[in-house]
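To keep things clear, I will list the structure first and then write my remarks on it.
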Amino acid sequence: PIRLNALAAASLPRHFEPLTRGVPFPSGLQRTCESWWIRAHDGCRLPSQFRILERWRDGSIRWVLADFQADVLTLPDSVELRFEDGDQAATPEVPRIVSRRDGSALSLRTGTRSIRFSPGQSAAFQVKDSDAVQRLLASVELQIEDRDSAKVPVAWRDAVLEEEGAVRSCVRRHGDGR
């Protein structure tokens, strides 16, 4: 097994903290990562996803990007995590990222938040509570200035879901400065 240590960066414990790690492998060790999972120190399977970043000449994995959620304890503690192969433990019930298209708009739901990318808006995205009220928490705009320091408004055209996963998703926005 491959061991990772998740070190606390603050004095407060955090539960299901999103973590990302790049992990190197020696040549010839692994070819796929579809059945991998990460085991916490207590044996529980953590919500996780993996992406192969680079391969050796023989086709084996050289670098993997591991995204997962783990409980991170207070300083100076660390949590030992292990990569495992196979389906030997149940994944805990935690919110996963779910995407949805509504016409030309894209929404991501994380369980506690909803992020909406709408075309024709000045905001790059809006963040709302995922409860029934859908209270607006933030409207995020990109500020662009020209050479004379004048603000250039951005009109967002579309949002492309480049990568979708249970723990991390990647959205690319297209827009025009007016």
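Under 5 Å from the amide H of residue 70 lie the amide H atoms of 16, 17, 19, each residue being 5 or more positions distant or on a separate chain, with H modelled from the backbone and absent for Pro and chain starts.
Projected label points at residue 113 and residue 136, each 7 Å from Cα along the beta carbon direction, are separated by 1.7 nanometres. Of the whole protein surface, residue 141 contributes about 100 Å² of accessible area at a 1.4 Å probe radius. Solvent-accessible surface of segment 100-139, taken per residue with a 1.4 Å probe and all protein chains present: 58 Å².
Per-peptide packing, taken as the mean over residues of other Cβ atoms within 10 Å, places 96-102, 155-161 in the sequence 155-161, 96-102 from highest down.
The values are calculated or read from the model by the stated rules, or taken from the named source; none is laboratory data. These numbers were taken from a predicted model, which means no experiment stands behind them. Because the Cβ atoms are built from the backbone with ideal geometry, glycine has one as well, and the counts that use them run over all protein chains shown. For accessibility, only protein heavy atoms count, side chains too; no ligands or nucleic acids. Shrake-Rupley method; radii C 1.70, N 1.55, O 1.52, S 1.80 Å.
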